[in-house]
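J.: Shown below is the structure under consideration.
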Amino acid sequence: HKVVANHTNNVLERIELTPVNGGSRKDLPEEYTLACHVRIDSGFNDIYGRLRWDDVSSTITGGCLNPSKGRFLHPEQHRCISAREAALLQSFPASYKFAKNTSKTDLAQMIGNALPPKFSYYQSKNIYNHLKTHLEKNSHR
């Protein structure tokens, strides 16, 4: 599923100026600071942030294809992570096929709102084992 981002020149410049491997909006030259961040400097530190190769991913949300929604810039390439990369971070199998003709917004929402499949698998396994043990103990009473 190919989704191409369509950013303004100003956004593209912000992306290019964000230092690779973990940079954020705080590292940008002052003239690229958004007005809302001038007024309130604290918080929202992940906006226009890059992921790091040597760290866990930030939470993948429904805004994962938009740099103004969080730390969703590729660690070193001057772009947002792709829908496929976001899905892989959420533990979707590489072979998973998303419906064709799905809008960028809907695709990001599907990926960001998903409970990661591997998390679901391991959590359900733990619940099963807990219930099995509990039921076995109670059946011997």
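The values are calculated or read from the model by the stated rules, or taken from the named source; none is laboratory data. Everything quoted here is computed from the prediction, not taken from an experiment. Please note: Cβ atoms are built from the backbone with ideal geometry, for glycine as well, and neighbour counts cover all protein chains shown.
J.: So Arg52 ticks every box in (1) farther than 29 Å from Thr8 by Cα; (2) among the basic types (Lys, Arg); (3) out of contact with any His (no Cβ under 9 Å at 6 or more places or on another chain); (4) assigned to a loop (DSSP other than H, G, I, E, B) but one. Which box is left unticked?
T.: (1)
J.: Turning to a different aspect of this structure: Restricting to region 1-31, and then to whatever is under 14 Å from Leu73 (Cβ atoms) and hydroxyl-bearing (Ser, Thr, Tyr), can you tell me which residue is modelled with the highest pLDDT? Please lay out each step first, then the result.
T.: Quick first cut of region 1-31, residues under 14 Å from Leu73 (Cβ atoms) only: 5, 7, 11-28.
Still in the list and also hydroxyl-bearing (Ser, Thr, Tyr): 18, 24.
On the way: Thr18: 95, Ser24: 92.
It comes out as Thr18.
J.: Something else now. Please go through region 12-39 and pick out each residue that is assigned to a loop (DSSP other than H, G, I, E, B), within 19 Å of the chain's Cα centre (by Cα) and surrounded by 14 or more Cβ atoms within 10 Å (Cβ to Cβ). If you could, list the steps in order and put the result at the bottom.
T.: The initial filter retains those residues of region 12-39 that are assigned to a loop (DSSP other than H, G, I, E, B), namely 18-24, 28-29, 33-34.
Pick out the ones that are also within 19 Å of the chain's Cα centre (by Cα) and you get 18-24.
Residues satisfying the conditions are Thr18, Val20, Gly22, Gly23, Ser24.
J.: While we're looking at this one, here's another question. If Asn113 satisfies all but one of (1) closer than 26 Å to Glu16 by Cα; (2) surrounded by fewer than 16 Cβ atoms within 10 Å (Cβ to Cβ); (3) under 13 Å from the mean Cα position of the chain (by Cα), what's the number of the condition it fails?
T.: (1)
J.: Let me ask another. Which condition from (1) surrounded by 10 or more Cβ atoms within 10 Å (Cβ to Cβ); (2) without any contact (Cβ under 8 Å) to a residue 24 or more places away in the chain is the one that Pro75 breaks?
T.: (2)
J.: For region 47-84: of the residues being aliphatic (A, V, I, L, M) and closer than 24 Å to Phe98 by Cα, which is nearest to the chain's Cα centre (by Cα)?
T.: So the first thing to find is which residues in region 47-84 are aliphatic (A, V, I, L, M), and the list is 47, 51, 56, 60, 65, 73, 81, 83.
This time we only want the ones that are closer than 24 Å to Phe98 by Cα, so: 51, 60, 65, 73, 81, 83.
Details: Leu51: 9, Ile60: 3, Leu65: 8, Leu73: 9, Ile81: 8, Ala83: 9 Å.
Result: Ile60.
J.: State all residues of region 117-141 that are under 26 Å from Pro75 (Cβ atoms) and either buried (at least 16 other Cβ atoms within 10 Å of the Cβ) or polar (S, T, N, Q) (or both); if no residue qualifies, say none. Full working, then the answer.
T.: Here is the first cut: in region 117-141, the ones under 26 Å from Pro75 (Cβ atoms) are 117-119.
Hits for region 117-141: nothing passes.
J.: Sort out which residues of region 55-105 are assigned to a helix (DSSP H, G or I), more than 18 Å from Gly23 (Cα to Cα) and of a type outside the set (Lys, Arg), and write them in order of number. It would help to see each step written out before you state the result.
T.: To start, the set of residues in region 55-105 that are assigned to a helix (DSSP H, G or I) comprises 67-69, 83-89, 104-105.
Still in the list and also more than 18 Å from Gly23 (Cα to Cα): 83-89, 104-105.
Within region 55-105, Ala83, Glu85, Ala86, Ala87, Leu88, Leu89, Thr105 qualify.
J.: Right, another one. Exactly one of these conditions fails for Ser42: (1) within 19 Å of the chain's Cα centre (by Cα); (2) in a loop (DSSP other than H, G, I, E, B). Give me its number.
T.: (1)
J.: Identify all residues within region 106-141 that are more than 22 Å from Thr61 (Cβ to Cβ) and not in a helix (DSSP H, G or I); write none if there are none.
T.: Taking region 106-141 and keeping what is more than 22 Å from Thr61 (Cβ to Cβ), we get 124-141.
Of everything in region 106-141, those that are more than 22 Å from Thr61 (Cβ to Cβ) and not in a helix (DSSP H, G or I) turn out to be His140, Arg141.
J.: Can you name every residue in region 80-128 that is closer than 24 Å to His7 by Cα, of a type in the set (Lys, Arg) and at pLDDT below 95?
T.: Those that are closer than 24 Å to His7 by Cα, of a type in the set (Lys, Arg) and at pLDDT below 95: Lys100, Lys104.
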